[in-house]
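I have placed the structure first, in the form of structure tokens, so that the comments after it can refer back to it.
The values are calculated or read from the model by the stated rules, or taken from the named source; none is laboratory data. Being a predicted model, the structure only gives us computed values, none of them experimental. Cβ placement follows ideal geometry from the backbone for every residue including glycine, while neighbour counts extend to all protein chains displayed. Surface accessibility is based on the protein's heavy atoms, side chains included, excluding ligands, DNA and RNA. Shrake-Rupley method; radii C 1.70, N 1.55, O 1.52, S 1.80 Å.
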Amino acid sequence: MNTHTHSVSIVDRNVINITGVIKVENFDKTEFLIESSLGFINIKGENLEMIKLDTLDGNVILVIFLLYSN
């Protein structure tokens, strides 16, 4: 049983920090499928990049580009 807490945070509109990661099921430049302690997370986009994967602590850091509009 996984005892990691789970959180998702976006920093400066281009980095996603995810904790409580159990497994990265699939990833490429357009999609990440991540299993967390609270279920699956599916992130889609273009030019996605994983910059850190810590399987011991269950942390993943992704580089993304978010578009915001008013």
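Couple of notes before you dig in:
- Kirkwood Rh, angstrom, the chain [1 / mean 1/r, Cα pairs]: 12.3 Å
- Over the chain, accessible surface divided per residue gives 72 Å², non-protein components excluded, 1.4 Å probe.
- Stretching the chain fully between S7 and D57 yields a gain of 16.7 nm (0.36 nm per residue, less the alpha carbon separation).
- Rounded percent of accessible protein surface that carbon and sulfur make up, the chain, 1.4 Å probe: 52 percent
- Relative contact order %, the chain, counting alpha carbon pairs below 8 Å whose residues are six or more apart: 30 percent
- Loop-exposed trypsin sites (Lys or Arg not before Pro) per DSSP, neighbour cap 13 Cβ within 10 angstrom, longest uninterrupted part of the chain: 30-70
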